Amino acid sequence: MKNPAANLETVFRVHCSIIRFVRAREHAVRADGLEPLQYQFLSLIGPNANGNEPNISAVARQLGMRHHSAVELVDRLVKRGLVERRRGKEDRRHVFLHVTAPGKKLLRRLVVKEHADVCQFAPELVSGLRVLLNSHAKRAIRSES
C-alpha cells in the first residue's frame, strides 16, 4: 500500500471492529448477569484442558491484574456459586480454582454466544488484518532489496 493515509484508515477500521466486538461481548456477558472481567476469569479457569487447576496468582497474571483484585473477583464468583476453591492434595497451603457445574453451564452458554459474535465480526476484521499484513510484507520486501 503506497498511501500511508489508506494504511491508517485500515488500522482505524480494524481498531473499530475490535472495539465493536468487545462491546458486543460485554453486553452479552452483562445480559447473563456477569461482569466482563468475571467472564474472562471464568474463561481462563474453565477449560482446564491440561488437567491442572489454576491458582489465583496465575490467573491474575494472565489478566494483568493485582493479586488482591483477583481475590475479590474470586470471592464474588464463589459467592455466586460459579467457582470454588480447592486445597492442594499434596500441599494444603496451595489453593486452586475450579469452575462449578453452574459455572460451566453459564460459561458454555456464553461461549456459544461468543462464537456467534466472532462469526459476525470476523470477516471485517480478517479483511482489514489481511490488508495490513500484506502492506507490511511488501514494505519488508522493499527494505530487504
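Read the figures in this text as sums done on the coordinates, not as results from a lab. Because the structure is a prediction, the values reported are computed rather than measured. Virtual Cβ from ideal backbone geometry, glycine too; neighbours counted across all protein chains shown.
Per-residue ellipticity at 222 nm for the chain, helices alone: DSSP H runs ≥ 4 residues times -39500 (n - 2.57), over residue total, nearest 500 deg cm²/dmol?
-24500 deg cm²/dmol
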Check: Quick one: longest stretch of the chain between exposed loop trypsin sites (Lys or Arg not before Pro), exposed meaning at most 15 other C-beta atoms within 10 Å and loop per DSSP?
Finding: 3-65
Checklist line | Extension gain from H136 to V95, taking 0.36 nm per residue of separation minus the Cα-Cα distance | finding: 10.2 nm
Check: Over the range 4-144, what is the mean sequence separation of C-alpha contacts under 8 Å (at least six apart), divided by residue count, expressed as relative contact order in percent?
Finding: 30
Check: Sequence-distant or interchain residues sharing an amide H contact under 5 Å with L82, placed H: which?
Finding: none
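Which value, in debye to the nearest 20, describes the size of the charge dipole of the range 4-144 about its Cα centre when Lys and Arg Cβ atoms bear +1, Asp and Glu Cβ atoms bear -1, and nothing else is charged?
Details: 25 positive and 14 negative charges, 48 e Å.
With Lys and Arg at +1 and Asp and Glu at -1, about 240 debye.
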Checklist line | Of the GluC sites (Glu not before Pro) in the range 10-112, those whose Cβ has at most 11 other Cβ within 10 Å and which sit in DSSP loop | finding: E90
Notebook entry, point to check: Which far-off residues, 5 or more places away or on another chain, put their amide H under 5 Å from the one on F96, with H placed in the peptide plane?
Noted result: R86, R87, G88
